[in-house]
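S.K.: Sharing a structure with you now.
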């Protein structure tokens, strides 16, 4: 049914760590009034990635797994947008977000790959 991740490529652990980084960033940007507003959006989408990846691990079917991973993929794309906006609005300097943006890009690629493989192996 659902393929489990290997220990060295555990997407559940990686997305949990990612959520922690998003939470810390959210706490930091609370000092700015616009940051508070954008931060709430960032917090919702950034922590939702891991929640959906975790939920997918208990999927009852391949279709359920794919549906949960598609939600995680949409959420990581939204998170990338909010991170970009924080830089563009000069709320957070690019230099401070580059590592988090890099991790976001990597997670986009990983989740995309998981979805492609899962859909190909659906039948």
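S.K.: Scan region 114-122 and tell me whether some residue there is in a helix (DSSP H, G or I), touching a residue at least 40 places away in the same chain (Cβ under 8 Å), farther than 22 Å from residue 10 by Cβ and more than 16 Å from the chain's Cα centre (by Cα).
M.R.: Checked region 114-122: no residue is in a helix (DSSP H, G or I), touching a residue at least 40 places away in the same chain (Cβ under 8 Å), farther than 22 Å from residue 10 by Cβ and more than 16 Å from the chain's Cα centre (by Cα).
S.K.: Can I ask one more? Considering only residues of region 61-77 that are in contact (Cβ under 8 Å) with a residue 40 or more places away in the chain and more than 10 Å from the chain's Cα centre (by Cα), which is farthest from residue 116 (Cα to Cα)?
M.R.: Step one: filter region 61-77 for residues in contact (Cβ under 8 Å) with a residue 40 or more places away in the chain, giving 61-63, 65-66, 69-70, 72-73.
Still in the list and also more than 10 Å from the chain's Cα centre (by Cα): 61-63, 65-66, 69-70.
Working: 61: 16, 62: 13, 63: 13, 65: 12, 66: 9, 69: 11, 70: 10 Å.
The selected residue is 61.
S.K.: Also, quick follow-up: Considering only region 30-55, state which residues are under 13 Å from residue 83 (Cα atoms) and under 9 Å from the mean Cα position of the chain (by Cα).
M.R.: 45, 46
S.K.: Turning to a different aspect of this structure: For region 28-50, give me each residue that is surrounded by fewer than 17 Cβ atoms within 10 Å (Cβ to Cβ) and in contact (Cβ under 8 Å) with a residue 24 or more places away in the chain.
M.R.: At the first step, the residues of region 28-50 found to be surrounded by fewer than 17 Cβ atoms within 10 Å (Cβ to Cβ) are 28, 30-34, 36-37, 40-41, 44.
Across region 28-50, the qualifying residues are 28, 32, 34, 41.
Only the coordinates and a few stated rules stand behind these numbers; no lab work does. Given the structure is predicted, the values throughout are model-derived calculations rather than measurements. Every residue, glycine as well, gets a Cβ built from its backbone with ideal geometry; the counts of neighbours run over all protein chains shown.
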